[in-house]
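Remarks on the structure that follows.
The values are calculated or read from the model by the stated rules, or taken from the named source; none is laboratory data. Here the structure is a predicted model, which means the values were calculated and not measured. Glycine also receives a Cβ, built like all others from the backbone with ideal geometry; neighbour counts cover every protein chain displayed. Side chains are part of the model used for accessible areas, which takes the heavy atoms of the whole protein and leaves out ligands, DNA and RNA. Shrake-Rupley method; radii C 1.70, N 1.55, O 1.52, S 1.80 Å.
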Amino acid sequence: MVSRVGLVACWLSSCAASSCTLQTGVEYLGNDVKTATATADEAHCCAACAANPECKFFTYEGGTDGLCHHKNDDAPDYSRQNATCTSGFVGASPPSPPPPAHVAVAVGGKRWETGPNFLCWNIDSSENRGFFWRNLSAAGAYGAQLARQAAALGRAQEAGYSLLRFGGTGNDYLTYEFRGTKCPEASDTKQCLNETTWRSLLSFTEAAEAKMIFGVSLNTGLDAQARRLSGDFPYPWDPRNARQILQWTIDNHFDHLLFGFELGNEQNAKYTAQQAAADIQVLHNLTLELWPDASKRPVLLGPDPHSYHNSEIDMYVKDWLKETRKLGVPIFAATHHEYTEVDSTSFTSAAALSVSGEIAAAVNASVRGEDPTVHIVGGEIGPHNGGSPTCTHDYMRWASFGDSLWYADALAAKARNGYYALCRQDYIGADYGLVDCSTGTPLPDFYTGLAFATFMGPKVLDTNTSNGTVRSYAHCAAGATDGTVAALVINLGDKHSAVSFPGLGNVTSAAVLAPSGEEGLTNATGLLGSEVALNGRVLRVGKDGQVPEITTEAVGAAAIRAPPTSISFLLLSSANHQDCMKQPSILV
């Protein structure tokens, strides 16, 4: 969905000043609580819903004197784009369902193990991400602060660094102005990456304590003109321009920052799986030439097709893996794009959040069915697929705590289904980054990711409650070798819910993230506010630029009361879980 969310108030005397959050161009399907009635406009439909206790969401269909449909709690789970409709809910925060009074979480054995830098994030060179006007150089105060914040994400992880994926649609529009190559005149599909900008990005990567997955350009921006002339995209890929930037990177001693390569972005609409495999074989041969020492050679990832929205995935990734294996190309990880289109109408929808796990299970089955040795990386995962203006505080649909309910669940669902890493689209840019697109201020999703990396170690344990209104996940606690379990509990409901872990002892301590009552960048509070509180304390970067530490408070009880619409990270230090113990050395 690319519709704009806004607030409307009905000030007519016949309309009881109800305030509603609207989403234009969206129709909710089914889940009606009464027969549709003719209504003057969206504002009157909002007021009619507010006056009906059974109405939680609504759809206004048509122009003047259209139909007003009253919907129940499940309305956002079934929607479609429809230019003649406007949908929404009463108030500034979406309705939350009632949670169960008590949830007993059964924690089983080790299920999977993520990568040691599971929390990955993207820098996208697409025009509406502001890459070319935003100076990321760590030599400047702005770039240094962005890097300082990102470094906190890396230090919290077992590897001690994050993966930074430099990719996106804009990367395929890049020509590299290195070693005599001159860039064409810039346009919507032609951009130039020169030595100055590349050096700035590398300095940012190093200061951010990250290593880069470099999405190498297929020059499809240039190819767009060729396709208009020839009817097809050029094939096979010409590596000469890539060789120039990579040789410069090696010669200037920056290649230690390169973790791996992808080739092209969302190429499944342009090339067959067989063609894409042949192209990455060309890239593989280039890495053999430039890095004869295999221990220093960056790995290969791909093919990052666009884009999964539900569990009905296609076979492109599976077919690509089959073709690369035939060619003898070593693939470190299979990657894909994913946008499940959650927004302010579905932040508290269990069904909407469960889509991430459903996709993950389908991808796991497909990839591991073809090659069980290949990792899985969510190469570009976000709440929304493009369509955002470059940067404006008038358009901040996902800069809110409500989005963190989705992000926390997506992180846990991908880990639970065997992913090596989830690369969040994106770190900065448009209105769904981890930090604000202009000021760089950390948003609730940033702190949610930091908390996940701080407490949830790579070893993922099985649980029995990961898809309801109260959702729970368990890992071995980060850095623990004494059997400590870390649990993540997400309460989508409108009331407290008691959560316990039978057989694992007391909840020792907790770090609870919840909406703040203070207004921030979105001029709203609650689920749609841009502020987040940790155990009641609003999180903000210090005057010295340091990111606040994510700390716990003592609990010492068999159950914790998870607050409404909250994200709780719990430590169970007396669990003595065998999979979370340090394994004894075996003497030979």
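Solvent exposure of segment 63-168 amounts to 38 Å² per residue of accessible area, where only protein heavy atoms count and the probe is 1.4 Å. Expressed in whole Å with the largest first, what are the equivalent ellipsoid semi-axes of segment 51-113 derived from the C-alpha gyration tensor as the square root of 5 times each eigenvalue? Values for segment 51-113, descending: 36, 17, 8 Å.
Residues ILE250, ILE428, ordered by accessible area of protein heavy atoms at a 1.4 angstrom probe radius and largest first, appear as ILE250, ILE428.
For the residues LYS543, LYS71, a 1.4 Å probe over the protein chains yields an accessible-area ranking, largest first, of LYS543, LYS71. Between TRP133 and GLN244, the FRET efficiency estimated from the beta carbon spacing at R0 = 25 angstrom works out to 0.50. Projecting the Cα positions of LEU164, LEU222, PHE57 onto the charge dipole of the chain (unit charges on Cβ atoms of Lys, Arg, Asp and Glu, taken about the Cα centre) puts LEU164 furthest along the positive direction.
Electrostatic bookkeeping for CYS68 treats Lys and Arg as +1 and Asp and Glu as -1; over the other residues with beta carbon under 15 Å from its beta carbon, the sum is -4.
Straightening the chain between GLN583 and TYR142 buys 154.3 nm, computed as 0.36 nm per residue apart minus the Cα-Cα spacing. Taking every protein chain into account, the 1.4 Å probe leaves ASP73 with about 60 Å² of accessible area, to the nearest ten. Model label sites at LYS296 and SER438, defined 7 Å from Cα along the beta-carbon direction, differ in position by 4.5 nm.
How large is the accessible surface of MET581 in square angstrom, using a 1.4 angstrom probe and rounding to the nearest 10? Result for MET581: roughly 50 Å² accessible. Couplings 3J(HN,Hα) for segment 410-420, derived from phi with the Karplus relation 6.51 cos²θ - 1.76 cosθ + 1.60 (θ = phi - 60°), are 5, 4, 5, 5, 5, 4, 5, 10, x, 7, 6 Hz, where x marks Gly and Pro.
Assign one of three labels to the chain, namely rounded, prolate or oblate, based on the Cα gyration tensor with a ≥ b ≥ c the square roots of its eigenvalues; rounded applies when a/c is under 1.5, prolate when it is not and a/b is larger than b/c, and oblate otherwise. Note, shape of the chain comes out oblate.
In plain terms, the bigger the Kirkwood radius, the slower the diffusion; for segment 127-267, with that radius from Cα pairs, at 25 °C and 0.890 mPa s, Stokes-Einstein puts D at 154 µm²/s. Magnitude of the charge dipole for segment 205-269, about its Cα centre and with charges confined to Cβ atoms of Lys, Arg (+1) and Asp, Glu (-1), is about 240 debye. With each label modelled as a point 7 angstrom along the Cα→C-beta vector, the ALA186-ASN467 pair spans 4.8 nm. Of the residues THR481, THR21, THR392, ranked by 1.4 Å probe accessible area with the largest first, the sequence reads THR481, THR392, THR21.
For segment 80-115, the residues whose backbone nitrogen is under 12 Å from a point 7 Å from the Cα of LEU29, taken along Cα to Cβ, are 80-82.
Relative to a virtual label point 7 Å from the Cα of LYS543 in the Cα→beta-carbon direction, which members of segment 117-155 show backbone nitrogen distances below 14 Å? Backbone N within reach: none found.
Taken over the alpha carbons of segment 345-458 as equal point scatterers, the Debye sum produces base-10 log I(q)/I(0) values at 0.11, 0.17, 0.21 Å⁻¹ of -0.38, -0.85, -1.17.
Were the residues from TYR78 through TYR235 laid out at 0.36 nm apart, the gain over their Cα-Cα distance would be 52.4 nm. Restricting the calculation to Cα atoms, segment 68-188 shows an Rg/Rh of 1.12 when the hydrodynamic-style radius is the Kirkwood one. Its Cα centre serving as origin, the chain has a Cβ charge dipole (Lys and Arg +1, Asp and Glu -1) of approximately 1120 debye.
Computed with every protein chain present, the accessible area of ILE313 is close to 30 Å² [probe 1.4 Å]. Let me test this: with uniform point scatterers at the alpha carbons of segment 253-341, what is the Debye-based log₁₀ I(q)/I(0) at q = 0.13, 0.19 1/Å? Per q value, in the given order, log10 I(q)/I(0) is -0.44, -0.85. Taking other residues whose beta carbon is less than 11 angstrom from the beta carbon of VAL107, and scoring Lys, Arg as +1 and Asp, Glu as -1, yields 0. Modelled spin labels at THR373 and ALA269, positioned 7 Å past Cα toward Cβ, are 3.5 nm from each other. Expressed as a whole percentage, what fraction of the accessible surface of the chain belongs to carbon and sulfur atoms when a 1.4 Å probe is rolled over the protein heavy atoms? Of all accessible area on the chain, carbon and sulfur atoms account for 51 percent. Given their separation in residues at 0.36 nm each and the Cα-Cα distance between them, ASP494 and THR37 gain 161.6 nm when the chain is fully extended. Hydrodynamic radius of segment 358-417 by the Kirkwood approach over all distinct alpha-carbon pairs: 13.8 Å.
Exceedance of the 31 Å cut-off in Cα-Cα distance is limited, within the set LYS296/LYS318; LYS56/LYS110; LYS71/LYS318; LYS414/LYS582; LYS110/LYS543, to LYS56/LYS110; LYS71/LYS318; LYS110/LYS543. The alpha carbon centroids of segment 445-478 and segment 528-543 are separated by 20 Å.
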